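This report concerns only the one structure given below.
Laboratory data are not the source of any read-out in this text; all were calculated from the coordinates shown. Everything quoted here is computed from the prediction, not taken from an experiment. Here Cβ is always computed from backbone atoms with ideal geometry, including for glycine, and neighbour counts include all displayed protein chains.
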Amino acid sequence: MAIAPSTRAPNGFLVFLGSLAALLLGAIIFIMSIAAGPSAGDLDQKRADQRQATHERLEKEAAETLASTAWVDKGKGIARVPVTDVFAATAAELKAKKPAASQVKVEPPLPMPVADPNSQDPPPPALPSAPQGADTIRFAPPEPAKPSASLNPPARPPLTATAKLEK
């Protein structure tokens with residue numbers, strides 16, 4: 001029992017209308033699924049509220065930590081003290097000390113060389129890059145270039161009327 005081939009030709013217009021209806025139905029279902037879900041504004045507001053609550057909690061913990069006194073490492077003698085207490089203790093300690101000369105050693109600056117205005121040599125650099133006591137290399141200005149014999153060919157005698165005819 002073989003199936004006989006159909007003699008009906010498909011109608012192009014009906015195929016187009018069916019495809020269009022299927023596309024529209026899919027678009028309507030997609031739009032309705034987006035509209036039924038939560039709005040983007042609600043999610044953004046919820047996330048912003050969570051971030052704000054976390055920020056406030058961390059700020060409160062940091063303020064409490066900075067304002068409290070506690071041992072950081074008791075074995076090493078490291079403690080956490082509020083800044084206001086440290087300011088008062090430091091001010092009292094500095095008031096008890098007498099002013100004295102600084103114990104910090106400062107090296108004198110490099111001496112600036114004085115250039116002689118009548119000298120033919122160029123003045124030394126203001127701040128040498130070499131350490132003090134090192135030899136400084138000074139280059140003489142370049143000599144003007146002298147013409148070389150190999151670069152200039154010997155001059156030919158001028159052509160005469162007879163020499164022009166011979167060529």
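Compute, for region 1-117, the length of the dipole vector about the Cα centre, with Cβ point charges of +1 (Lys, Arg) and -1 (Asp, Glu) only. Units Debye, rounded to 20.
Once rounded to the nearest 20, the dipole reads 260 debye.
Can you give the FRET efficiency for LYS95 and ASP49, using 1/(1 + (r/R0)^6), R0 = 45 Å, r = Cβ-Cβ distance, to the nearest 0.05?
In this case the efficiency is close to 0.35.
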